[in-house]
Amino acid sequence: MRFNKVFTDFIGTLKPDNIASDRKQILQHLAQAVQEGLQQKEGVALQFICTHNSRRSQLAQVWAQHLLFWHGYYKIGCYSGGTAVTAVYPEVINQLEQQGFTASRLSEGSNSVYAVKASKQLAPSFVFSKPLTHLVNPSDDFIAVMTCDQAYEACPVVLGAKKRIGLTYTDPKNHDGQENEEQAYAQTSTQIATEMLYLCSQLNP
């Protein structure tokens, strides 16, 4: 499978060995849940959830899916959803493009849909804000990965999820409109990419 050079070069800069031990424990727990799913059936679904499905959960969906593809795991599907519908924040798309993805806008309006991918040989991830119950998302037997504290606290139970795991990130929204906005989103995207790379390393073919 061929990925574009910018994506490949960016992956080479990631340092999963530097992830803090407490974060590694969470990622290992998530990897164990994925591994168990792979052993029990033909496919596994991961749904990344945050309140507005506009930033962290979108980045996690895209990075997890493509790094799983990178490692040859084609039976793990990645999705995202929120407890409220807004729109994907533009800087999310900008960072994905800078880090090696192509993003094609498929629709206009207040909640545009983007097709995001890092290889011409792969189907894209469709990126747009949606509730976790949206038809494109799995309705049951999925692993819910909570990417923000607010959603983690507000959703002690995720209907249809067989497991619920908290893997929360600091919200880059705190820097929107500030001089360091781009840097903040780059750091968040890089952290998520690094941790998803580590997650893949914990799986056994």
Sequence order, segment 79-95: Karplus ³J(HN,Hα) from phi using 6.51 cos²θ - 1.76 cosθ + 1.60, θ = phi - 60°, Hz rounded, Gly and Pro as x, gives 9, 8, x, x, 8, 8, 9, 10, 6, 5, 6, x, 5, 4, 5, 4, 5
Taking R0 as 22 Å and r as the Cβ-Cβ distance between Ser21 and Glu153, the FRET efficiency 1/(1 + (r/R0)^6), rounded to the nearest 0.05, comes to 0.40
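About its Cα centre, what dipole magnitude does segment 13-122 give when the only charges are +1 on Lys and Arg Cβ and -1 on Asp and Glu Cβ, stated in debye to the nearest 20? List each step's numbers first, then the result.
Numbers: 10 positive and 7 negative charges, 20 e Å.
Charge dipole of segment 13-122: 100 debye, to the nearest 20.
In segment 73-123, what chymotrypsin sites (Phe, Trp or Tyr not before Pro) fall in a loop by DSSP, with at most 15 other Cβ atoms inside 10 Å? Numbers along the way, then the final one.
Values: sites: Tyr73, Tyr74, Tyr79, Phe101, Tyr114; in loops: Tyr73, Tyr74, Phe101.
Counting only loop positions with at most 15 other Cβ atoms within 10 Å, the chymotrypsin sites (Phe, Trp or Tyr not before Pro) in segment 73-123 are Tyr74.
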Projected onto the charge dipole of the chain (unit charges on the beta-carbon of Lys, Arg, Asp and Glu, signs +1, +1, -1, -1), the Cα from Thr147, Ala193, Cys78 with the largest positive-side position is that of Cys78
The extension gain from Asp9 to Gln178, computed as 0.36 nm times the residue separation minus the Cα-Cα distance, is 58.0 nm
Largest fluctuation, Leu135, Leu167, Leu38 only, Gaussian network model of the chain with Cα springs under 10 angstrom, belongs to Leu135
Here the gain from full extension of Glu97 to Gln39, 0.36 nm per residue of separation minus their alpha-carbon distance, amounts to 17.4 nm
Computed for segment 125-166: size of charge dipole around the Cα centre, +1 on C-beta of each Lys and Arg, -1 on C-beta of each Asp and Glu, debye to nearest 20, value 80
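Of all DSSP beta bridges in the chain, what percent run antiparallel (nearest 5)?
Antiparallel bridges: around 30 percent, rounded to the nearest 5.
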Around Glu97 (Cβ within 13 Å, Cβ-to-Cβ, excluding Glu97; K/R +1, D/E -1) the net charge comes to 0
As straight-line cross-link partners of Lys15, the qualifying lysines (C-alpha separation under 17 Å, not fewer than 8 residues apart within one chain) are Lys24
With +1 at each Lys and Arg Cβ and -1 at each Asp and Glu Cβ, the charge dipole magnitude of segment 77-205 around its Cα centre, to the nearest 20 debye, comes out at 580
Whole-percent carbon and sulfur contribution to the accessible surface of segment 1-121 (1.4 Å, no ligands, DNA or RNA) stands at 48
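Within segment 112-205, which trypsin sites (Lys or Arg not before Pro) sit in a loop by DSSP and count at most 14 neighbouring Cβ atoms inside 10 Å?
Loop-located and lightly packed - Lys120.
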Most fluctuating of Ala33, Ala123, Ala115 in the GNM of the chain (C-alpha, under 10 Å) is Ala123
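Are there GluC sites (Glu not before Pro) in segment 1-105 that DSSP marks as loop and that have at most 15 other Cβ atoms within 10 Å, and which are they? It would help to have the intermediate numbers written out before the result.
Numbers: sites: Glu36, Glu42, Glu91, Glu97; in loops: Glu42.
For GluC sites (Glu not before Pro) across segment 1-105 that sit outside H, G, I, E and B with at most 15 neighbouring Cβ atoms in 10 Å, the list reads Glu42.
Over the chain, what is the relative contact order in whole percent, taking alpha-carbon pairs under 8 Å and six or more residues apart?
So the answer I get is 29 percent.
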Once the dipole of the chain is set up from charges on Cβ (+1 Lys and Arg, -1 Asp and Glu), the residue from the list Asn4, Gln58, Ala87 lying farthest towards its positive end is Asn4
Per the rule of 0.36 nm per residue minus the C-alpha distance, extending Gln32 to Leu135 adds in nm 34.4 nm
Partner aspartates and glutamates whose C-alpha sits under 12 Å from that of Lys162, ignoring same-chain residues fewer than 8 away, are Glu36, Asp140, Asp141
In terms of the charge dipole of the chain, which places +1 on Lys and Arg and -1 on Asp and Glu at the beta carbon, the residue among Pro205, Asn18, Leu68 farthest towards the positive end is Pro205
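The values are calculated or read from the model by the stated rules, or taken from the named source; none is laboratory data. If you're wondering where the values come from, they're calculated on a predicted model, not measured in any experiment. A quick note on method: Cβ atoms are made from the backbone with ideal geometry, for glycine too, and the neighbour counts reach across all protein chains shown. The area values use the complete protein model at the heavy-atom level, side chains included, leaving out ligands, DNA and RNA. Shrake-Rupley method; radii C 1.70, N 1.55, O 1.52, S 1.80 Å.
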